[in-house]
Amino acid sequence: MQSESGNETDQLFVDIACLDRKRLRATLVSTIGSHCEVWRSSKRHEVTANDKREGIYTEFVIKWPFADYSQTEARLLARHYRQLKETLDEIIPDALFVVTKINDKPNVIVLAQAVNIWFNIANQQNEEEAMKLLCAYPKARIQLARFVGAAHAWRNSDNPKVIDLFGIDNLIMDTNREIYFLDSFFVFFFEDIFHLLDGCDEDLELKEKVNLSLKRMSYLERLLAAVKKHCK
């Protein structure tokens, strides 16, 4: 496998204290996210001598952030993840937030269940294919409706927040034709902070991300309505 730069790689170049870099073979799979770089690896589980099966492997990804996060911020990230997981269950890959040192500086990494991405379900350019697949796979249709319903509930809550659909491949369909939300770092936008950032460059950037997320959510609603109408 190759990284997005086109160069094959099999070892992390960053020093993560809780990982044995010499023994860990990983492949760079993404550097273009807003918050983190993503590597993919696997762990072989030992089997007993009487077990006739071949070695069992668990595929996982390692996400290390571009910024430095404190323990307080790490707890916030983990709390938002728990909100996602408790509400959306299997749509959210299993993940572990680990406070550690990266290049000798305190930070946090995420070890998460690997997902084989098929395409971005929130990208309107994929509408024709999405329609066909959602018609053919009822489970994906139910999962997507559940995601959209949860997003509405969060937006209309006492502490309104918008789930991040700005990031590339945040909401995807995998090769098994199931829906997953893959983001781990700052998965919600809080519109209330617009007032605190009024007139700042950060405010304009945040508004752009929120507006695109809301635009994509509206598209998903129309997609689901079309699927319900046309699929038998």
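The values are calculated or read from the model by the stated rules, or taken from the named source; none is laboratory data. No experiment lies behind these values; they were computed from the predicted model shown. Please note: Cβ atoms are built from the backbone with ideal geometry, for glycine as well, and neighbour counts cover all protein chains shown.
Consider Val110 carefully, then state whether it is in contact (Cβ under 8 Å) with a residue 12 or more places away in the chain, out of contact with any Lys or Arg (no Cβ under 9 Å at 6 or more places or on another chain) and crowded, with 16+ Cβ neighbours inside 10 Å.
no
Select from region 40-76 the residues that are among the β-branched types (Val, Ile, Thr) and in a loop (DSSP other than H, G, I, E, B) and write down the one among them that is modelled with the highest pLDDT.
The qualifying residue modelled with the highest pLDDT is Val47.
Name the single residue that is farthest from the chain's Cα centre (by Cα) among those in region 110-152 being closer than 13 Å to Glu178 by Cβ and β-branched (Val, Ile, Thr).
Residue satisfying both the conditions and the ranking: Ile142.
Restricting attention to region 92-131, which residues are touching a Leu at 6+ places or on another chain (Cβ under 8 Å) and part of a helix (DSSP H, G or I)?
Within region 92-131, Glu127, Ala130, Met131 meet the criteria.
Where the second residue is surrounded by 14 or more Cβ atoms within 10 Å (Cβ to Cβ) and of a type in the set (Gly, Ala, Ser) and the first is in the same structural domain as Leu224 (by TED's automatic domain parsing) and lies in region 121-136, which pairs have Cβ atoms under 8 Å and are six or more apart or on separate chains?
Within 8 Å, the pairs are Ile121/Ala130; Met131/Ala226; Leu133/Ala140; Leu134/Ala140.
Quick grid of which residues meet (1) within 28 Å of Arg75 (Cα to Cα); (2) in a helix (DSSP H, G or I); (3) not polar (S, T, N, Q):
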position	(1), (2), (3)
His152	yes, yes, yes
Pro160	yes, no, yes
Arg177	no, no, yes
Leu204	yes, yes, yes
Leu224	no, yes, yes
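Among the residues of region 153-175, write down those that are polar (S, T, N, Q) and more than 17 Å from the chain's Cα centre (by Cα).
Residues satisfying the conditions are Asn156, Ser157, Asn159.
Within region 88-96, is there a residue that is surrounded by 12 or more Cβ atoms within 10 Å (Cβ to Cβ) and under 26 Å from Lys229 (Cβ atoms)?
Within region 88-96, one or more residues are surrounded by 12 or more Cβ atoms within 10 Å (Cβ to Cβ) and under 26 Å from Lys229 (Cβ atoms).
Report every pair of residues separated by at least 6 positions or lying on different chains whose Cβ atoms are under 8 Å apart, first residue within region 76-93 and among the hydroxyl-bearing types (Ser, Thr, Tyr), second surrounded by 19 or more Cβ atoms within 10 Å (Cβ to Cβ).
Once the first residue is among the hydroxyl-bearing types (Ser, Thr, Tyr) and sits in region 76-93, its partners that are surrounded by 19 or more Cβ atoms within 10 Å (Cβ to Cβ) give Tyr81/Ile92; Tyr81/Ala95; Tyr81/Phe97; Tyr81/Ser184; Tyr81/Val187.
Tell me the residue from Leu182, Leu165, Leu144, Leu84 that is of a type outside the set (Asp, Glu), closer than 23 Å to Cys231 by Cα and surrounded by 17 or more Cβ atoms within 10 Å (Cβ to Cβ), please.
Residue meeting the stated conditions: Leu144.
Identify, please: which residue in region 188-211 is modelled with pLDDT of 85 or more and loosely packed, with under 15 Cβ neighbours inside 10 Å and is, among those, nearest to Asn123 (Cα to Cα)?
Out of the qualifying residues, it is Asn211.
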